[in-house]
Ligand code: GEK
């Protein structure tokens, strides 16, 4: 990642009115530090992308990284896969994120085919893809828009393709959810965030980041047509799922674990 990365201190002083969180220049400048200290399992999830691609991606196929921010997903894939193994298309709505992602990817992986598009993942004209990564992005869309996006991603995936969906989640059981949120705040405290920063960030994210339950994610993916979905990672209230688009053209038999 670029060396122009600063420590996140955005919510460290009392703010009269905590503004809604947005992915602006200030966030971009400290983003790698912010996401590493705020998202349990972020590094492990990125580290698994290459392994998942090695197992499930058709050689040379396109990989979309939706809400790519600074292109960390692309860097992780390029670190583990040969230049001819895939074509990367990162997409982000924030112009500040896109320009920094382009610079970083051009500098760090000049031999790989890496492009970054500025756009809204709800409106993008998707090309056929072998793998789609949605790492902590769907949670920022208004809940009413999520079903249609997932349906469009299912349509864009080649048969045999996979969707990796990582999200902050909400537990159905209230007590369980409260415990997870409290331990998540402990995790942030242990990573150097003060109580003031934790509470102001929480206010800024209210109605901006709206988490679903794992059951809601699984139901939405089933509804879109994915033949199978696994929750392959969870740490506190953060989880990652993988959804498989079955190779329908090979006959309608139930997929065995090896096939999916
Ligand atoms: C990572 N995946 O480092 N269209 C496109 N991008 C969007 C949209 C939208 N409608 N809404 C939000 N974004 C990254 C981390 S961050 C998660 C993803 C976080 C973008 C937004 O601009 C931001 O860059 C990203 O989604 C979410 O692996 O900050 O917690």
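The values are calculated or read from the model by the stated rules, or taken from the named source; none is laboratory data. Since the model is a prediction, treat every value here as computed from it, not as a measurement. Every residue, glycine among them, receives a Cβ derived from its backbone with ideal geometry; neighbour counts consider all protein chains shown.
Residue-by-condition table, conditions (1) within 20 Å of the chain's Cα centre (by Cα); (2) in contact (Cβ under 8 Å) with a residue 40 or more places away in the chain:
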| site | (1), (2) |
| --- | --- |
| 188 | yes, yes |
| 192 | no, yes |
| 197 | no, yes |
| 202 | yes, no |
| 208 | yes, yes |
| 227 | no, no |
| 238 | yes, yes |
Among the residues in segment 79-95, are any more than 9 Å from the ligand (Cβ to nearest atom) and within 18 Å of residue 22 (Cα to Cα)? yes
With within 24 Å of residue 43 (Cα to Cα) and either surrounded by 19 or more Cβ atoms within 10 Å (Cβ to Cβ) or touching a helix residue (DSSP H, G or I) at 6+ places or on another chain (Cβ under 7 Å) (or both) as the only criterion, which of 165, 157 stands out? 165
So for segment 116-136 (the condition being within 12 Å of residue 86 (Cβ to Cβ), crowded, with 21+ Cβ neighbours inside 10 Å and within 8 Å of the ligand (Cβ to nearest atom)), does at least one residue qualify? yes
Scan segment 68-85 and give yes if some residue there is touching a strand residue (DSSP E or B) at 6+ places or on another chain (Cβ under 9 Å), crowded, with 19+ Cβ neighbours inside 10 Å and assigned to a strand (DSSP E or B), otherwise no. no
From the list 151, 107, 171, exactly one residue is touching a helix residue (DSSP H, G or I) at 6+ places or on another chain (Cβ under 8 Å), more than 28 Å from residue 246 (Cβ to Cβ) and touching a residue at least 60 places away in the same chain (Cβ under 8 Å). Which is it? 171
What residue, of 151, 101, 155, is farther than 23 Å from residue 205 by Cα, in a helix (DSSP H, G or I), away from the ligand (no atom under 16 Å from the Cβ) and modelled with pLDDT of 95 or more? 155
I'd like to know if segment 237-254 contains one or more residues that are over 23 Å from residue 54 (Cβ atoms) and either crowded, with 16+ Cβ neighbours inside 10 Å or in contact with a helix residue (DSSP H, G or I) (Cβ under 9 Å, 6 or more places away or on another chain) (or both). yes
Residues of segment 104-125 satisfying the condition of being out of contact with any strand residue (DSSP E or B) (no Cβ under 7 Å at 6 or more places or on another chain) and either in a loop (DSSP other than H, G, I, E, B) or farther than 18 Å from residue 50 by Cα (or both): 104, 106, 107, 109, 110, 111, 120, 122, 123, 125
How about segment 202-215: which of its residues are surrounded by fewer than 17 Cβ atoms within 10 Å (Cβ to Cβ) and at pLDDT 95 or above? 213, 215
Condition check: at pLDDT 95 or above and at negative phi. Does residue 243 satisfy that? yes
Lone qualifier among 229, 203 - being in contact with a helix residue (DSSP H, G or I) (Cβ under 8 Å, 6 or more places away or on another chain) and either in a helix (DSSP H, G or I) or away from the ligand (no atom under 16 Å from the Cβ) (or both): 229
Residue in segment 38-54 that is within 16 Å of the ligand (Cβ to nearest atom), surrounded by 22 or more Cβ atoms within 10 Å (Cβ to Cβ) and modelled with pLDDT under 90 present: no
